[in-house]
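Following: one structure in structure tokens, then a few remarks.
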Amino acid sequence: MAGKKAAEGKKGSSPNVYKYFKIEGDKLTRGRKNCSRCGKGVFMSKHKDRNTCGKCGLTEFNQ
Ligand SMILES: [Zn+2]
């Protein structure tokens, strides 16, 4: 008699993180840096020669 189903919807999820992932699309893979301005939890977008923060717009150029 084990017919109990856990069909309860998940609550309390914060889609903020996924939002940032979407901005990057498939480009977001490795080497994510935390924004030096926003701090931990805010990842920077990795581009060819620079990293940008999707939150505050900070741009760091690679050297
Ligand atoms: Zn930032």
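What follows is calculated from the coordinates using simple rules that are stated; it is not laboratory data. Since this is a predicted model, take the numbers as computed values, not measurements. Every residue, glycine among them, receives a Cβ derived from its backbone with ideal geometry; neighbour counts consider all protein chains shown.
Numbers at a glance
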{"quantity": "Under Karplus coefficients 6.51, -1.76 and 1.60, residue-wise ³J(HN,Hα) of the range 35-46 in Hz, glycine/proline x", "calculated": "5, 6, 9, 7, x, 5, x, 10, 8, 9, 6, 9"}
{"quantity": "Residue-count net charge about residue 37 - beta-carbon cut-off 11 Å; Lys, Arg +1, Asp, Glu -1", "calculated": "0"}
{"quantity": "Cα-projected label distance for residue 50 with residue 34, points at 7 Å along beta-carbon direction, nm", "calculated": "2.4 nm"}
{"quantity": "Under the Karplus curve 6.51 cos²θ - 1.76 cosθ + 1.60, θ = phi - 60°, whole-Hz ³J(HN,Hα) for the range 49-63, x wherever Gly or Pro sits", "calculated": "10, 7, 10, 10, 8, x, 9, 9, x, 5, 10, 10, 8, 6, 10"}
{"quantity": "Formal net charge of residues neighbouring residue 61 (Cβ-Cβ distance under 14 Å; K, R +1; D, E -1)", "calculated": "+2"}
{"quantity": "Highest average packing first - 41-48, 52-59, Cβ atoms within 10 Å", "calculated": "41-48, 52-59"}
